[in-house]
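All remarks here apply to the structure that follows.
The values are calculated or read from the model by the stated rules, or taken from the named source; none is laboratory data. Everything quoted here is computed from the prediction, not taken from an experiment. All Cβ positions, glycine included, derive from the backbone under ideal geometry; neighbour counts span all protein chains shown.
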Amino acid sequence: MKKRLPAVVCALILSISLSACGNDKDPSPAEKPTAKVQTETQKETEAQDNEQAKDNEKPQDTEKPQDTEKPQDTEKPQDNEQGSKFKFNPHLYVSLFKDDIPQEYWDSLYNLCDALHAGENTFKCASQEAYDWITSPSTLNTLIPVACTRILGKGTDGSVPFENGVGRIYYQMPVDEYLDRQAKFEALIEEILNTCIEPDDDEYEIAFKLYNYMSSNFVYQTEFQEKRNDGSCYLTLMEKTGQCTDLANLYAYLLLQSGVEAILVGCNNESMGHDWTYVVINGKGYHCDPTWSLYSPKDGESLRLDYFMMTGDKRADSGCAVDDLEAALLPAYWVNRSNTRLTADDDSLGFPAYTYFVSLDEDNKKINYSDVFGSYELSYAANE
């Protein structure tokens, strides 16, 4: 029988196990829930976040890929020989983009992953286009965060990066140091997953627990850093701080590692520049924003729920347009220019405004929550 986890216990477990940082003042565009009713400030523009695009170069449009056979979806990690509940998965896959990213791109990416684990300098690659996509900062930051900025798709020795089906790896640090860095990163990912979630958790429970982990263990980076010495997803994990792009990308990465489909998305217009995470639960899409839900357990604050499992309409009502989404992993970059459609129409898992987490009842598949008027419960069992 699963235990009922109250909000305070959840936060304390995460803080003690993972040495979490608490934020002393509001790092997010929405005011933190120190009181039950507050003035919503969602319209604050996070324009500086979009400078992150310098780290995630917009990929050049490529020819429309041919339909390929869909590979096996990433399975939920199984118990490993050491008794850990979850084992690091180097071969992540985003089935959402199956009609835009050819299978040969993914196969080449997995060849790169295997080469990096072996400390090799080359890998088998299908084409120049696949090589460019694989080694772009946006792909590395999304799917191989530990390698972002630490390997490049071009060198200074005059060698050809790709030729005759072989791609070169240009390490920006000694290979033995990279291998050590990689091993420590993978061990940390496993520790987080094994601390936060359980093997028998369903997709909703995984998404919720990791959302609470992100919201309670990270602080918003108020000062933009134009040049960072590492990929933003990796740095955010290590430093427990970042801006909306970084937090949303890390949340998506942790979900992918635990077998839940998720991807970084965002909007950029005159009124709002912001990024968040698009999540698929039991085949249905939702918008989740870990940045606007940041809170500090040590200050007695609770997780705000209305930015979790939003529909497209609710996301738009918060000031974030969903009719022209950006997705850095896509070769076309903009969703409207791709074959992908990221819909979010199901409102059965969403929460009203200014509601706060009380406890999770996994036995009965319910979340207990409250606002200034009373206490309520949401059942997520019907969505299975």
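Checking the conditions here, which among 271, 293 is modelled with pLDDT under 95, crowded, with 24+ Cβ neighbours inside 10 Å and among the polar types (S, T, N, Q)?
293
Go through the stretch 345-384 and give me each residue that's β-branched (Val, Ile, Thr) and surrounded by fewer than 13 Cβ atoms within 10 Å (Cβ to Cβ). I'd like the intermediate steps shown before the answer.
Looking only at the stretch 345-384, we keep the residues that are β-branched (Val, Ile, Thr), and these are 355, 358, 367, 372.
Scanning the stretch 345-384 gives a single hit, 372.
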Handout entry: Test: residue in the stretch 225-236 that is in contact (Cβ under 8 Å) with a residue 60 or more places away in the chain, buried (at least 19 other Cβ atoms within 10 Å of the Cβ), among the β-branched types (Val, Ile, Thr) and not assigned by TED's automatic domain parsing to the domain that holds residue 117
Key = no
Practice task
Determine whether the stretch 196-213 contains at least one residue that is under 22 Å from residue 274 (Cβ atoms), in contact with a Lys or Arg (Cβ under 9 Å, 6 or more places away or on another chain) and either touching a residue at least 60 places away in the same chain (Cβ under 8 Å) or surrounded by fewer than 23 Cβ atoms within 10 Å (Cβ to Cβ) (or both).
Solution key: no
Practice task
Would you be able to say whether some residue in the stretch 311-326 is among the hydroxyl-bearing types (Ser, Thr, Tyr), buried (at least 21 other Cβ atoms within 10 Å of the Cβ), farther than 27 Å from residue 142 by Cα and over 18 Å from the mean Cα position of the chain (by Cα)?
Solution key: no
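Quick one: would you say residue 246 is in contact (Cβ under 8 Å) with a residue 24 or more places away in the chain, surrounded by fewer than 20 Cβ atoms within 10 Å (Cβ to Cβ) and out of contact with any His (no Cβ under 8 Å at 6 or more places or on another chain)?
Details: in contact (Cβ under 8 Å) with a residue 24 or more places away in the chain: yes; surrounded by fewer than 20 Cβ atoms within 10 Å (Cβ to Cβ): no; out of contact with any His (no Cβ under 8 Å at 6 or more places or on another chain): yes.
Considered against the rule, which asks whether it is in contact (Cβ under 8 Å) with a residue 24 or more places away in the chain, surrounded by fewer than 20 Cβ atoms within 10 Å (Cβ to Cβ) and out of contact with any His (no Cβ under 8 Å at 6 or more places or on another chain), residue 246 comes out as no.
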Problem - Close pairs (8 angstrom Cβ cut-off, 6 or more residues apart or separate chains): hydroxyl-bearing (Ser, Thr, Tyr) in the stretch 150-175, assigned to a loop (DSSP other than H, G, I, E, B) anywhere - result: 170/153; 170/154; 170/155; 170/161; 171/121; 171/150
Practice task
Quickly run through the stretch 181-203 and pick out the residues that are more than 28 Å from residue 367 (Cα to Cα) and of a type in the set (S, T, N, Q).
Solution key: 182
Practice task
State all residues of the stretch 303-336 that are outside any loop (DSSP other than H, G, I, E, B) and either closer than 15 Å to residue 96 by Cβ or not basic (Lys, Arg) (or both); if no residue qualifies, say none.
Solution key: 310, 312, 313, 316, 317, 326, 334, 335, 336
Problem - Scope the stretch 311-328; condition aliphatic (A, V, I, L, M), farther than 9 Å from residue 287 by Cβ and in contact (Cβ under 8 Å) with a residue 40 or more places away in the chain; matching residues - result: 321, 325, 327, 328
Practice task
Tell me which of these residue 276 doesn't satisfy, since it passes every other one: (1) over 20 Å from residue 324 (Cβ atoms); (2) not in a loop (DSSP other than H, G, I, E, B).
Solution key: (1)
Fill in the blank from the handout: Taking the stretch 89-142 and keeping only residues that are within 21 Å of the chain's Cα centre (by Cα), crowded, with 20+ Cβ neighbours inside 10 Å and of a type in the set (Ser, Thr, Tyr), one is left with 93, 105, 135, 136, 138, 139, 142
Practice task
Tell me which of these residue 260 doesn't satisfy, since it passes every other one: (1) surrounded by fewer than 21 Cβ atoms within 10 Å (Cβ to Cβ); (2) assigned to a loop (DSSP other than H, G, I, E, B).
Solution key: (1)
Problem - Complete set of residues in the stretch 327-384 that are modelled with pLDDT under 95, closer than 29 Å to residue 198 by Cβ and under 24 Å from the mean Cα position of the chain (by Cα) - result: 383, 384
